[in-house]
1. With respect to the numbered conditions (1) under 23 Å from B:LYS49 (Cα atoms); (2) open to solvent by less than 40 Å² (accessible area, probe 1.4 Å), which one is the sole condition not fulfilled by A:ILE83?
2. I'd like to check something: does the stretch B:172-181 contain any residue that is among the charged types (D, E, K, R) and within 20 Å of the chain's Cα centre (by Cα)?
3. Looking at (1) in the same structural domain as B:TYR118 (by TED's automatic domain parsing); (2) of a type in the set (Gly, Ala, Ser); (3) open to solvent by 70 Å² or more (accessible area, probe 1.4 Å), find the lone condition where B:GLY255 falls short.
4. Taking the conditions exactly as written (out of contact with any Phe, Trp or Tyr (no Cβ under 9 Å at 6 or more places or on another chain) and more than 29 Å from B:ALA267 (Cα to Cα)), does B:TYR196 satisfy them or not?
5. Scan the stretch A:87-107 and report the pairs whose first residue is of a type in the set (Gly, Ala, Ser) and whose second residue is part of a loop (DSSP other than H, G, I, E, B), with Cβ atoms within less than 7 Å and a gap of 6+ or a chain change.
6. List every residue pair whose Cβ atoms sit under 7 Å apart, with the two residues 6 or more apart in sequence or on different chains, where the first one lies in the stretch B:96-125 and is assigned by TED's automatic domain parsing to the domain that holds B:SER211 and the second, anywhere, is of a type in the set (A, V, I, L, M, F, W, C) and modelled with pLDDT of 85 or more.
7. Filter the stretch A:22-51 down to the residues that are facing chain B (nearest Cβ under 7 Å) and farther than 22 Å from B:ASN12 by Cβ and list them by number.
8. Quick check: is even one residue across the stretch B:49-72 modelled with pLDDT of 75 or more, acidic (Asp, Glu) and touching a His at 6+ places or on another chain (Cβ under 9 Å)?
Amino acid sequence: MKYGLLFAICILMQVLIFDRIYFSGYVNIYFYVLFILLLPIQTSKSLGMIMAFFIGISIDMFTNTPGMHASASVFMAFLRPTILRFLAPIDGYETGMEARLSILGIGWFIRYAFVLILAHHTVLLYLEAFNSSLFFFTFLKVLLSSFATLFIIVLSQFLIYRK
Amino acid sequence: MRSLIQFIIKYNAAFVFVLLQILCIVLIFGFNDYHRSIFINSGNKITGKINDKWQGVFDYVSLREENQSLREENALLNNELQQRRAYQHDFNYFSNYSPFWYVPAKITNISINKIKNYITIDVGTTDGVKNEMALMGPEGVAGIIFRTSENYAVAIPIINTDFLLSVKLAHSKYFGSLSWQGPDHRYAFVSDIPGYVEVQKGDSIFTSGYSAIFPSDLPVGIVDKIEIDKSTSFYNLKIKLFTNFAKLRHVYVIGNKDKDEIKTLEASLND
C-alpha cells in the first residue's frame, strides 16, 4: 500500500515537475528511480524487475519514449540485489529492513544510489541517443544527470524521512 | 521436461529480465508504426488530461508575459493586414484566395531536452486538425503535426532529429533543407545550399512552401554561423531559430485546403 502511494508520487513528481525543469542540454533529472531504490531489501529479483517495468512504462506513456524508461528501469532492478549484496553491512541486513538513508546511513545510501542511478542513466540516455554520433555528449550527459538525480534523491530523503 | 522446469525456477530472475528486456526492445524499435503509435500518446485521454490541467497552473503564472507577446503579434498582424489592404486596393486583380486556414492551440506538454522531442497541443480531430499539418509559433515555424486524437494532437517540433523542412534564403532565394541534430534547442542546421551562393551572417531563413504543409515565406530563423563542407562544397549553416521552444505556449495549426488535391496530382505522376 505504502509502495502504491510512492509509485504514484514518483510518477507525478517526475512528469509534472522534473520533466519540466531544464538546465542546458546536459542535465536531466530522473527522480522516479527513487521508487526502485526504496523497494524493500527482501524483494525478489523478479518482482523488483516487474515493478520497475511498470513504473518505467508509465513514465514512457507520458514522455513519448516507448520502452526506453522501462528498459533502463528493469536493468536497474536487475542489478539492485547484486549491489545490495556488495554493500551489505558486516552483520547483514535485518529482516524487513528498508533501503533507506535514515536507516542505513548517508554514506551507504549515496554509494548504493549512485551505482544504480549511473546504470539506469547510462542505459536510458544511450538508448535515447541510439543511432546518433553523440557518444561523448551522451557520456557527459550521463555523468552530469546522474549527479543531479543523486543530489535530488538524497535531498528528498532528508526532507521526507526526517527523524 | 522436469529438469527444464527446475532450470527455469532456478534462474527465474534471469528469465524475467530477458523477457522484460525483449518486451522493451520490441517497444523501442517497434515491429511497425502501429506498435509505436500506441505509446506515442502523451495526447491520450489520461495523460493528456493530467498534462492539460497542470499546464493550466503555469498558464496562470505566465499570463502577463503571454499577454505582451500576444499584443505584439496582434500589432504585427494588423500592420500586415493594412499593407495587404492597400496593396489590394492598388491591384484589384490580386487574388483573394488563400488555401491556408489557422486553428489557435495551446501547448499542454513539451520536451526540449531530449533527442526526440515532442509537443502536445490541446486541439484534435474535432477541431479539424489532421496529420501533417503545420505548427506555427508566434515568432516562427514550430513543427509538424504527427498524431492526432479526438481532442489532442502531437507534433514533431524542429528540435527533433526526425524533423526535416525545406527552407530558402531570404536574399538569394536558394533552397536548402533544415534539420536538427541536438542538443541545443535554440539552433538548427541548413544543408544543401551550394557553396557559390552568397550568404551572410544575419540572413533570414524562410519556409520555401514547396511541401504543401507550410505556406511559403514563414519566418524560421537567421544565419548564425557559416561553414562550408570542403568535400561537397555545400554550406552547412547554423541557424538561430526564431521560435524559443523553452517559452512556447500558444501556437497555430495551419491547414491547407488544397493539400489533398496537390497530393493526388503528384501521386498520379508516379503511376
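1. Looking at each condition in turn, A:ILE83 falls short on (1).
2. Within the stretch B:172-181, none of the residues are among the charged types (D, E, K, R) and within 20 Å of the chain's Cα centre (by Cα).
3. It is condition (3) that B:GLY255 fails.
4. On the way: out of contact with any Phe, Trp or Tyr (no Cβ under 9 Å at 6 or more places or on another chain): yes; more than 29 Å from B:ALA267 (Cα to Cα): yes.
Yes: the conditions hold for B:TYR196.
5. Listed by first residue and then by second, the contacts come to A:GLY96/A:GLN42; A:ALA99/A:LEU38; A:ALA99/A:ILE41; A:SER102/A:TYR161; A:SER102/A:LYS163.
6. Once the first residue is assigned by TED's automatic domain parsing to the domain that holds B:SER211 and sits in the stretch B:96-125, no partner that is of a type in the set (A, V, I, L, M, F, W, C) and modelled with pLDDT of 85 or more comes close enough.
7. Matches in the stretch A:22-51: A:TYR22, A:GLY25, A:ASN28.
8. Yes, the stretch B:49-72 contains a residue that is modelled with pLDDT of 75 or more, acidic (Asp, Glu) and touching a His at 6+ places or on another chain (Cβ under 9 Å).
The values are calculated or read from the model by the stated rules, or taken from the named source; none is laboratory data. Quantities reported herein were computed from a predicted structural model and do not represent experimental measurements. Cβ sites come from the backbone with ideal geometry, for glycine too, and all protein chains shown count toward neighbours. For the accessible areas, the whole protein counts, side chains as well, though only heavy atoms, and no ligand, DNA or RNA atoms are used. Shrake-Rupley method; radii C 1.70, N 1.55, O 1.52, S 1.80 Å.
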